[in-house]
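Take a look at the structure below.
Coordinate-derived values only; no laboratory data. Since this is a predicted model, take the numbers as computed values, not measurements. When we count neighbours, we look across all protein chains shown, and the Cβ atoms used for this are built from the backbone with ideal geometry, even at glycine.
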Amino acid sequence: MLRFGLRQAGRLALGLLGAIVLAALVAAAGKHGAGLSAYANAVFARLVAFGRLDFGTSAIAANPAWDDLARRLPDTLELLGFGAVVAVIIGAPVGLLLSAGRVLRAGAPLLQIVAAAPVFCAGLGLLWLSERVLHWAGAPHDTSFIAALLSGDWDAVVAVLRSVALPALTVGAAGAASIQLALRRAVSQAANEPYRRGLHAMGLSRFEIDSTYLFPQVVAGLFRSFGEVASSLLSATAVAEWVFGWHGAADLFLKSIALEDWSVVGLVLLVFAGLTLCAEFVGAMAARALAETERLA
């Protein structure tokens, strides 16, 4: 386990190093007009500045880029959290149901068609449905869910939940597609293991075999897909924040690209890549720990 953990930590460090280099390449993009040599010097200067935890200055607000991101990142993390909850609630049962039998698996192509629809279109559809059919335009997002909960003001809590409902559903639907696909893949792999036939021949029921041996393998397979799920959630968050006017880090990323504020773009890209890589690392370690526990048992 220790050797595996060190190997995964090395992969994480290399991934973060690559993300830092990519962020420096993006942050120095404003120097492209001065020639390749000037651009290379600007990239090197950015890398040196990153080492001093200096992430540059926003060309628009004239503030440190990190200050702009720090103000918006909590809103993005809140939306990611709600979206992840929705993704698990929808994706886990759907993935298991579609793996249960031939009749239920027939619904998989339809789900994949729906999942392949652009998140932007799904968000616009939800927005149109809420305004034209339900006559509900949501609510402004003025405070965080944690702050509203700690204040004890339940009206504020309800207002926050109203504001987050539609974007969280959009993000959660994208995450659910990744979760159900990961679960179906894990169930398909585990179901073909030869030990299942041997244990069944020894007298164990299929329920005992699946609950004792198959279920841990499926959970481990889901853990190994954490990076993929996190990437889906982050991609959907960028779209949902723009569609629903959610002033988070992903919205800042898109606006900074439009306004060519490359220091902010590079920093947001670095943070998002770091979140995805950390999710992949945690998932790999959790899957390995679960496998080790099953082996010892």
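To make sure I understand, if each residue's beta carbon is the centre and we count other beta carbons within 10 Å, what order do TRP262, TRP154, TRP66 fall in, fewest to most?
TRP154, TRP66, TRP262
For a quick check: with amide H placed at 1.01 Å from N, whose amide H comes under 5 Å from THR57's, ignoring anything fewer than 5 positions away on the same chain?
ALA65
Please give the peptides 180-189, 84-93 ranked by average Cβ packing (other Cβ atoms within 10 Å per residue), highest first, as a rough proxy for protection.
On the way: 180-189: 20.2, 84-93: 18.4.
Highest-to-lowest ranking by the protection proxy: 180-189, 84-93.
Whole-Hz Karplus ³J(HN,Hα) for segment 59-67, in order, using 6.51 cos²θ - 1.76 cosθ + 1.60 and θ = phi - 60°, x for Gly and Pro?
These are the phi-based 3J(HN,Hα) values: 6, 9, 8, 6, 9, x, 4, 5, 5 Hz.
Going by average Cβ density within 10 Å per residue, which order do the peptides 265-271, 10-16 take, highest to lowest? List each step's numbers first, then the result.
Values: 265-271: 23.6, 10-16: 14.1.
Most protected by this proxy first, the peptides run 265-271, 10-16.
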